[in-house]
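One structure below.
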Amino acid sequence: MRLRRDRFDELVARQLTLFGEDEAALLDEARDAEDAWVRAGRDVAEESYGDFQLVVDAIADRLIELRDTYAATLDADSAEAYRRAFHRAAARRFRRYASVVADLEP
């Protein structure tokens, strides 16, 4: 359990909140695609999973772009600390999309 807050925790929390607002349609699409995959019959389950994974990949791409754009404004040590904070926060917030979290590892 972490008791000390990282210097980037508040910034990252705000960034992810804005991401959730700005990308609400994409996140809704991911939930819908996941529901369709879960409800899919055996004959279309693989295709439904592929559709779901495409949306999850789009979420990951946008999060990586957000992370890397900000990290590019920092010195190397700060950028690494920021990436770690971003990964921790995204892992908590988007844990249902496991591949997103894996793509965000620093």
Accessible area of the chain with a 1.4 Å probe: how many percent of it is carbon plus sulfur? 49
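Would you calculate, for the chain, the mean residue ellipticity at 222 nm contributed by helices, counting each DSSP H stretch of 4 or more residues as -39,500 (n - 2.57) and dividing by all residues, to the nearest 500?
Numbers: 5 runs with 81 residues, N = 106.
So the helix-based figure for the chain works out to -25500 deg cm²/dmol.
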Could you provide, to the nearest whole Å², the per residue accessible area of the chain with probe 1.4 Å? 65
Trypsin sites (Lys or Arg not before Pro) within the stretch 1-50: which are DSSP loop residues with at most 16 other Cβ atoms inside 10 Å? ARG2, ARG4, ARG5, ARG7, ARG42
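Assuming 1.002 mPa s and 20 °C, estimate D for the chain with Stokes-Einstein, Rh taken as the Kirkwood radius over Cα pairs, in µm²/s. Show your work: numbers first, answer last.
Working: Rh = 14.8 Å.
Stokes-Einstein gives a translational diffusion coefficient of 145 µm²/s.
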Give me the Kirkwood hydrodynamic radius of the stretch 29-73, using the inverse of the mean 1/r over all pairs of distinct Cα atoms, in Å to one decimal. 11.5
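The values are calculated or read from the model by the stated rules, or taken from the named source; none is laboratory data. Since the structure is predicted, the reported quantities are computational estimates derived from the model, not experimental observations. When we count neighbours, we look across all protein chains shown, and the Cβ atoms used for this are built from the backbone with ideal geometry, even at glycine. For accessibility, only protein heavy atoms count, side chains too; no ligands or nucleic acids. Shrake-Rupley method; radii C 1.70, N 1.55, O 1.52, S 1.80 Å.
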